[in-house]
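Quick notes on the structure that follows.
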Amino acid sequence: MRVRIALYGVVLCFCFAPIVSAQDATKVDPKHYTVVSENDQVRIVKLHYGPHEKSVMHSHPASVVVPLNDAKGTFTYADGKKEDFDLKSGGAQYSAATTHLPENTGDAGFDAILVELKGIQPPPGERLLFQVHAKGDQVYTCKSDAAQFTWTLKAPDAQLFDKHGKPFGKHFAGPSWEANDGSRVTGKAIANLSVDADSIPWLLIKIISHDGNGVLSPSTSIQRLNTEGGKAPASGCDASHIGQEVRVPYSADYLFYAPK
């Protein structure tokens, strides 16, 4: 439930700035999709499907859906392929940009909040390669600048796991990501989105260097999503703690993209 509360908190402070798209769900299917609020980083859309109702073909940018009740249904994609979905209330699920036709196959209505991401989307000419899960620490050092004492990020220190939970590699200073096959990339954050006040922000990262040859070699962009924890302490950095390090546990998903 933490994710849902955070998203609703964001809605309250948005200013409006419309999206225009030929396949915008709110334009071609206003019965099921209603814009709640929008700014230059995200658009919040409310979904409501009655039992056995379906939409028309439409598109979404990279998004996070927060189901408000359990639901089962089917997606039909632009190429004719179909995929069943089973969503659980209170969860949060990321979806890459897509064009589809959803159908609620259940006997009960389905309600959800869709958060369409704008500011941290990968370039339109890129495709998703794979996703890994990170678990570890954000390492901070107490520093001073003009009599101001702050916890400054030194480096991430995390292990990476593939979709099956098997070790994939590590994430460390650079920031860099290294796979077990020896391939490594280093990136630079170019956009961010604060979703949860208690966690580090979501990021769009541009890859600026490659090393080795392997699974990471084709990648050109990375998204950091679904973060939990990792924020610098709010206190404890003062003149008596200069140079001291603190480790703050965090987890996140990293999505790697490459040219289509």
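The values are calculated or read from the model by the stated rules, or taken from the named source; none is laboratory data. These numbers were taken from a predicted model, which means no experiment stands behind them. Heads up, the Cβs are rebuilt from the backbone with ideal geometry, glycines too, and the neighbour counts pull from every protein chain shown.
So the values come out like this:
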quantity: Residue in the stretch 169-177 that is in the same structural domain as HIS241 (by TED's automatic domain parsing), touching an Asp or Glu at 6+ places or on another chain (Cβ under 6 Å), over 16 Å from LEU129 (Cα atoms) and of a type in the set (Lys, Arg) present; calculated: yes
quantity: Listing of strands (runs of 3 or more DSSP E) fully contained in the stretch 175-260 that carry 3 or more residues being surrounded by 14 or more Cβ atoms within 10 Å (Cβ to Cβ) and touching a helix residue (DSSP H, G or I) at 6+ places or on another chain (Cβ under 8 Å); calculated: none
quantity: Pairs with Cβ under 7 Å, 6+ apart, first in the stretch 214-241 and more than 30 Å from GLU116 (Cβ to Cβ), second small (Gly, Ala, Ser); calculated: GLY214/ALA179; GLY214/GLY182; GLY214/SER183; SER217/SER183
quantity: Residue tally, condition over 30 Å from ASP145 (Cα atoms) and of a type outside the set (S, T, N, Q), over the stretch 208-251; calculated: 9
quantity: Residue list for the stretch 140-169, filter: under 19 Å from the mean Cα position of the chain (by Cα), assigned to a strand (DSSP E or B) and not aliphatic (A, V, I, L, M); calculated: PRO156, GLN159, PHE161
quantity: Every pair of residues 6+ apart whose Cβ atoms lie under 8 Å, when the first sits in the stretch 187-209 and is over 15 Å from PRO123 (Cβ atoms) while the second is outside any strand (DSSP E or B) and hydroxyl-bearing (Ser, Thr, Tyr); calculated: PRO201/SER194; TRP202/SER194
quantity: Failed criterion for ILE113 (all others in (1) modelled with pLDDT under 90; (2) closer than 16 Å to LEU193 by Cβ hold); calculated: (1)
quantity: 3 or more residues free of Cβ contacts under 8 Å to residues at least 24 places away in the same chain: qualifying strands (runs of 3 or more DSSP E) within the stretch 53-137; calculated: 82-87
